[in-house]
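Reviewing the structure listed below.
The values are calculated or read from the model by the stated rules, or taken from the named source; none is laboratory data. Predicted model only: the values in this text are computed from it and were never measured. Don't worry about glycine lacking a Cβ; one is built from the backbone with ideal geometry, like all the others, and counts go over all protein chains shown.
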Amino acid sequence: MLVGPAGAAFTLLCFCQPGTKGISMMSDADQSEGALMKVWDTVCAFNELDFYLLCADSPNLHVTASTAHFSADLKPDLTQSEQMLDSMLA
């Protein structure tokens, strides 16, 4: 399982075994219009991986709008996170 905030580390999905599960946390303030998700969806489909996106509140965006989603603190909803993990592990 690969879990973490959206970023370059998710290129590791390219090297995961089929059936690996991944959760990426991304700020609700993401300005990329889903571009990262499209890339990861393609990689995961090709490698037969299960991938989930967990959007999180960003209580303090502290850089410009064009890079805020990469440097914001992330505060995921715990109930939503628990439900996602339950469905992944079922």
Please note which helices (runs of 4 or more DSSP H) are completely contained in segment 24-90 and include at least 1 residues that are modelled with pLDDT of 80 or more and under 13 Å from the mean Cα position of the chain (by Cα).
35-47, 78-89
Inspect segment 10-18 for any residue being buried (at least 17 other Cβ atoms within 10 Å of the Cβ), assigned to a helix (DSSP H, G or I) and modelled with pLDDT of 75 or more and give the result as yes or no.
yes
